[in-house]
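Okay, so here's the structure we're looking at.
Derivation of every value follows stated rules applied to the coordinates shown; laboratory data play no part. Predicted model, so just to flag it, every value in this text is computed and none were measured. Positions of Cβ are backbone-derived with ideal geometry, glycine not excepted, and every protein chain shown enters the neighbour counts.
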Amino acid sequence: MKENKYLKKTGLITAAVLIPVILSGFLFVMLRSEESAVRITVAVPHNEYVRNFDTNYYSNWLRQKTGYDIEFTTISDGYEEEYLSTMLRAGEGRVDAVLLPDEKHYTDRDIIVSFAQDGLIEDLTGYATSETRIRQVLDEAEGIEKLNGDFDGRLFFVPRIDTGKKRSNMQVLWINVGWLKKLSMQVPETTEDLMEVLRAFKDTDPNGNGRNDEIPLISNSSDDPYRSCYFLLNAFSYVDPAGDHIIEDREEAFEDGLKYCRKLYEEGLLSGLCNEYSLKQVRELVNAPDDLVGAFTSRSIADIVYPNCEDVLARYIQVPPLKGPNGEQHAVAVENDVFIGGFIPANAKHKKEAFNLMEIMLSEEGSLISCFGEENTDWRASVNGELSGYGTKARITTLNYLTGKIQNKNYMGTGPMYLPQDYSDAVSWNGGNNIVEYLDARAVRTYEQFFRVGNKPEGPDGRKTTSAGLPEAGDLETYIFHNNIK
């Protein structure tokens, strides 16, 4: 018994000595592990729909996948070019990666090209070996050559690519269905129908406020999709402003289209002030609670209507391409946009780690989070029998639609991403008439039968095209009034 007590005491003493040692060892390993985790800093633009980049579900997923300690710094809103220029010329290690949004006007492409030419952005050509995800994406995706050509064939960025059809329309005409119902009018099918509808919009107070404040058809000169006259001209002759093409031997029909547009201006159905509005002003007018706008053109309805304004989304429906007096009826297709999803500053401290991070963002799993959020919470794999917005077999079913909502699941269109067409065009419609993807898909299904053939300068039915001599942005109204059109 005494021996046992002695052994027991000895054991207790040994345990008392060893346990702190063991615990301190674990603590030391944990601290060393934490110290050894590479800390990389990622610059991101302000995004009003992302609650917090640091605590974001996507950020935590990336930390888990990479093992990196990822922290975020915000690019000053409104001072993007100044921020990037200063950051790229700062000392080593301030920022390891820069993520950019899929917004065409976020920062001038020429600015990014000049940064690359000045050696301020890391050339990723040597990183993108045949085994990397980015090389697979570059080899597979269409349209990458055009963007890459801006950089003399070298690779200075990681792309953000959505290959779906949802933004293949250059222009869609969206019309105020509430006004049509109030006036007992149908969706216009011809140019004459539209003229009649716009006159009624102007003269009969369809928003019911007792004031003559309606804008029948609004336009904007900042970019082709918002310049309503191009949509109207395609009812007279195929007109592709991006390629500056019209169908050969259709100059007379094109001139008839210009006369039609001039008549709209003269009657106040398309105000001359429209071409002085900024894109922001157009958005504010369309989304105003006063219900001021009868119709507008855009590529996607979300380019003008805020996705979280469900009442405004429900206010507009697409108008099929109008049929002109000679039976012409055309729509212009555009290629998918390839955006700069991210790049690595030449003065970054952790270049390899930054590249690995963006590689994972390009993966299938990362891209699905970037588009749809958390699996089985915000989306799930579709089951047999579920159909996409295009009427095809669905692969993705949204459970919690994130677009236009303040959320903390992904970066809302910021950063590298690659979504193949078999995913992008296979998202099921959940029955809501106000879902942007559904509205855009419905417009594509309506318009695609009137698209041009392929990417060649040919009109419908293979008819050759010639230069239209179209004006530069902002000069279309002047062109209509001063082109000897009587």
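If amide H atoms are built 1.01 Å from N in the plane of the peptide, which residues on other chains or at least 5 residues away come under 5 Å of the amide H of Phe157?
Amide H to amide H, under 5 Å and 5 or more residues apart or across chains, Phe157 pairs with Leu124.
Taking H placed 1.01 Å from N in the peptide plane, check which residues at least 5 places from Ser298 or on another chain put their amide H under 5 Å from its amide H.
Result for Ser298 returns Val172, Trp174.
Skipping prolines and chain starts, which residues have an amide H placed within reach, meaning under 5 Å, of the one on Asp69, given they are 5 or more residues away or on another chain?
Residues meeting the criterion, in which the H sits 1.01 Å from N, are Val38, Arg39, Ile40.
Whole-Hz Karplus ³J(HN,Hα) for segment 60-73, in order, using 6.51 cos²θ - 1.76 cosθ + 1.60 and θ = phi - 60°, x for Gly and Pro?
Residue by residue, segment 60-73 yields 5, 5, 5, 4, 5, 6, 9, x, 8, 8, 9, 10, 10, 10 Hz.
Take the Cα of Lys405, step 7 Å along the line toward its Cβ, and report every residue of segment 368-393 whose backbone nitrogen sits under 14 Å from that point.
372-380
Using the Karplus equation 6.51 cos²θ - 1.76 cosθ + 1.60 (θ = phi - 60°), what ³J(HN,Hα) coupling, rounded to whole Hz, does each residue of segment 258-269 give in order, writing x for Gly and Pro?
Listing the rounded values in order: 5, 5, 4, 4, 4, 5, 4, 4, 5, 8, x, 7 Hz.
Once you put a point 7 Å from the Cα of Tyr306 and another 7 Å from the Cα of Lys259, both along the Cβ direction, what distance in nm separates them?
4.4
Longer than 21 Å from Cα to Cα, which of Lys182/Lys323; Lys166/Lys409; Lys165/Lys280; Lys202/Lys263 are they? Say none if no pair is.
Details: Lys182/Lys323 24 Å; Lys166/Lys409 23 Å; Lys165/Lys280 26 Å; Lys202/Lys263 14 Å.
Table pairs above 21 Å Cα-Cα are Lys182/Lys323; Lys166/Lys409; Lys165/Lys280.
Can you give the FRET efficiency to the nearest 0.05 for Gln117 and Glu92, using r as the Cβ-Cβ distance and R₀ = 30 Å?
Numbers: r = 21 Å, r/R0 = 0.69.
Between Gln117 and Glu92 the formula returns 0.90.
Rounded, prolate or oblate, given the Cα gyration tensor of segment 88-229, with a/c below 1.5 counting as rounded?
On the way: a/c = 3.78, a/b = 2.59, b/c = 1.46.
Prolate shape, in that a/c is at least 1.5 and a/b is the bigger ratio.
In nm, what is the difference between 0.36 nm times the number of residues separating Glu448 and Ser36 and their Cα-Cα distance?
Working: separation 412, 0.36 × 412 = 148.32 nm, distance 5.43 nm.
Extra length from Glu448 to Ser36 when fully extended: 142.9 nm.
In what order do Trp429, Trp61 fall by count of nearby beta-carbon atoms within 10 Å, going from fewest to most?
On the way: Trp429 20, Trp61 17.
Listing Trp429, Trp61 from fewest to most nearby Cβ atoms yields Trp61, Trp429.
Report ³J(HN,Hα) in whole Hz for each residue of segment 76-89, in order, from the Karplus equation J = 6.51 cos²θ - 1.76 cosθ + 1.60 where θ = phi - 60°; Gly and Pro get x.
For segment 76-89, the Karplus-derived couplings read 4, 5, x, 10, 4, 5, 5, 4, 4, 4, 5, 5, 5, 9 Hz, x marking Gly and Pro.
Take Leu273 and Arg109, extend 7 Å from each Cα along the Cα→Cβ direction, and tell me the distance between the two endpoints in nm.
Each label point is offset 7 Å from its Cα along the Cβ direction, giving 3.4 nm.
Calculate, in nm to one decimal, what Ala314 and Asn209 gain on full extension: separation in residues at 0.36 nm each, minus their alpha carbon distance.
35.8 nm
Using mean Cβ contacts within 10 Å as the protection proxy, how do 291-298, 119-126 order, highest first? Working shown, then result.
Details: 291-298: 24.6, 119-126: 16.5.
Descending mean neighbour count gives 291-298, 119-126.
For Gln186 and Thr392, calculate 0.36 nm times their separation in residues minus their Cα-Cα distance, and state this gained length in nm to one decimal. Intermediate results must be reported in sequence, preceding the final value.
Working: separation 206, 0.36 × 206 = 74.16 nm, distance 2.92 nm.
Here the segment from Gln186 to Thr392 would lengthen by 71.2 nm.
Out of the chymotrypsin sites (Phe, Trp or Tyr not before Pro) in segment 76-129, which ones are loop residues according to DSSP with at most 11 other C-beta atoms within 10 Å?
Working: sites: Tyr79, Tyr83, Tyr106, Phe115, Tyr127; in loops: Tyr79, Tyr106, Tyr127.
Here the chymotrypsin sites (Phe, Trp or Tyr not before Pro) that fit, given the DSSP loop and packing criteria, are Tyr79.
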